[in-house]
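This report refers to the structure that appears directly beneath it.
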Amino acid sequence: MSQKQLKEAFISNLNGTSLLEISVGLSLAPLCLLCRGLLLILHYLHYGKPLSSRTHSLLLDFLVLVSPLLLSCTVLSPIIFIMPVILAAFCAAIFSKIYSQRKQETREPLGQIVKEFQQTYLDPDYIPAITVFRVYVNVLTAISILAVDFPQYPRRYAKAETYGTGVMDLGVGAFIFGNALVCPEVRQKPCVTQPKFSNLARQFFSIWPLISLGIGRLLSVKSVEYHEHTSEYGVHWNFFFTLAFVRLAASLLLAVFPKNKAWILALTVAVLYQLILNTTSLKAFLLHGSSGRDSRAGFLDANREGLLSLFGYLAIYLASVQVGLWLLKCRSSVRGWLGALWVLARAVVVLLLFLHVSQAHADPVSRRMANLSFCLWVIAHCLMLFTLFVATDLTLVFTKLLVKGSSVPCCWSVVMPPNSNKKPRPEAMRVGREEKGPHLCLISAINKNQLLFFLLANVMTGAVNILVDTIHSKAAFALCILHLYMFFNCLIMYILHSKNIVVKFW
C-alpha cells in the first residue's frame, strides 16, 4: 500500500466510543478553565495584583487550557475516566488554599458570602460561556484533525464509518451548534425592526469566504493527492461547503418562519428526514450508492454523504438558534442563572432519553447520515458542555467574591443591580474595570480570529502530514509535534490579539 492508502485505511472503518466516555471527556475543558481561573485568583491573593507578564499569561493559558486536553486524547486516554477526578481534586485544593488564606484575613462569615453571591448581578451584555464554548470547540477540533493521524490518538475517538459516536463526530456537530449561537438571527435585538430578508442578504454576503475556502481545500487536496476519507463528505464536498449551505438555508427558513419557533422547524426537519431514510431507498443510496456497489458516478452519487447530511446539520443549526435566543433573555443575576442551569440540566436529561428511544426504534447515531439520533446526541452533549461552562463561570464569580479585587479573563463581570442608587464599593468598581479591560487572554485571542485559527490549523495539519510519517511516529515525537503545532497556532492568535488585529476580509 502507498503512504496515501495507509493513511486512508488508518482513519477508515471505525466504530467510535461509548456515550459515557464522551460525556466524561466533556468535563475536562470546564475543569481546565476552572483551574486557570483559580490559579489567577490565588496569584492575586498572594501578590495583590493580577498576572501582568504577557509571556507568563500565554504559557499559563497554554499549559492549563490546551495541554491537558491534548494529553487526554493521546497518551492519557487509557485513564480518561480518572482525569476529571484528578483535575477536580487539584481545583478543590486550590479553592481550599484560597478560602483558608482569605479566612485568616477577614472575619466575614461564609453564609454572608453565599447570600451576597446569590444577590450578585452579572454583566447582561456578555455571556462568557458562549465565547468559551465556541473557542474550545475550535481548539479541540484543531487538536483532533492532526492527532488523528498519529497512532497515539485512539481509533475509537476518530470519526465512525457509518454508525457510532466518535469524539470527532461530535466535534463536527458542535461546530455547527457554536456557529448558530451567534448567528445574525440570534444577535439581532428584538426591539430593532429590520426588513424580513435582511439577515438572508447578510448571510449571502458572509458565506462567500466559506465557499472560497471550500474550493481552495478541494483544489489543494486533489493537487497534492492528500489522503481523504471519501465516505465522510464525498469526493468533492467538504465541511466548509456544509457550513456555508446550512447557514444560508437556515437564514432562508427563518426569514419565512418566526425565529422564536426555530425548535419546531428543527424537529420537523430532523423527523421528516429520518422518516424518509427509514421508509424509502434513500438510506441504501446514501450508504451504497445508486448501483449498490458504492459507486461514485455523477456529482450527486459522488457527494451523497455531504449533500444529504445537510438536512441533519440544518436541524442542529435551527435548534441551536432557539438555544441562543433563550440564552439572551434578560437573566442578569446569579439567582437567575442558577435557575437557568437547572433548566439546561433537565433539557439534557430529556434529550438523552429521546436519544435512547431514537436509537432503539429508529436508527443508531450516524454522523455519515446526520440522522435523528445524531441530531439529538449532538444537541444533548453540546448543552451538557455549555452547562458545565456556565457552572464554572458561576464558581469563579463566587471565588472572586472571596478575594475582593481579583479578576479572571473571559469570566462574568460583577455589576451593580439595575435601578440601584447605591454607590458600588471600591472592590466592586475595581473588578468591573479590570474585567472589561483588554485582557491578553488566549481564549479572547482565539475568539477574535476563530476562522483564521481553524484555517491555520487545517493548513498546518496538511503540512505536517506531508512532511512527517505520522502513522509510525513514537509517542515522544508525536507529543512534541502536536504541542509545537498547537503552540504555534495559539502564539499567532496571541500576537494578533496583542496588536488588536482582526483578520477579516469579508
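For this structure, a couple of remarks:
- Mean residue ellipticity (222 nm) of the chain, computed from DSSP H runs ≥ 4 via -39,500 (n - 2.57), nearest 500: -21500 deg cm²/dmol
- The loop-placed chymotrypsin sites (Phe, Trp or Tyr not before Pro) in the range 1-105, going by DSSP, that have at most 14 neighbouring Cβ atoms within 10 Å of their Cβ come out as PHE81.
- Contact order normalised by residue count of the chain, Cα under 8 Å, 6+ apart, percent: 25 percent
- Entries of LYS49/LYS400; LYS7/LYS159; LYS159/LYS474 with Cα pairs more than 20 Å apart: LYS159/LYS474
- Kyte-Doolittle mean at least 0.0, axial Cα span of 18 Å or more - DSSP H helices of the chain: 28-47, 83-105, 128-147, 167-181, 208-223, 239-256, 262-279, 310-327, 334-361, 372-402, 450-467, 475-498
- Accessible-area ranking of HIS356, HIS43, largest first, probe 1.4 Å: HIS356, HIS43
- For the range 287-357 and the range 389-413, distance of Cα centres in Å: 30 Å
- A cut-off of 5 Å between modelled amide H atoms, ignoring neighbours fewer than 5 places along the same chain, links VAL415 with TYR121, LEU122, ASP123.
- Pair-distance distribution P(r) for the range 334-400, from all Cα-Cα distances in 10 Å bins starting at 0: 22, 40, 23, 13, 3 percent.
- Under conditions of 10 °C and 1.306 mPa s, the chain yields 66 µm² s⁻¹ as its translational diffusion coefficient, taking Rh as the Kirkwood radius over Cα pairs in the Stokes-Einstein equation.
- Taking amide H atoms as placed 1.01 Å from N in the peptide plane, the amide H of THR165 lies under 5 Å from those of THR17, each 5 or more residues away in sequence or on another chain.
The values are calculated or read from the model by the stated rules, or taken from the named source; none is laboratory data. This is a predicted model, so every value here is computed, not measured. Cβ atoms come from the backbone with ideal geometry, glycine included; neighbour counts cover every protein chain shown. Note: areas computed on protein heavy atoms with side chains; ligands, DNA, RNA excluded. Shrake-Rupley method; radii C 1.70, N 1.55, O 1.52, S 1.80 Å.
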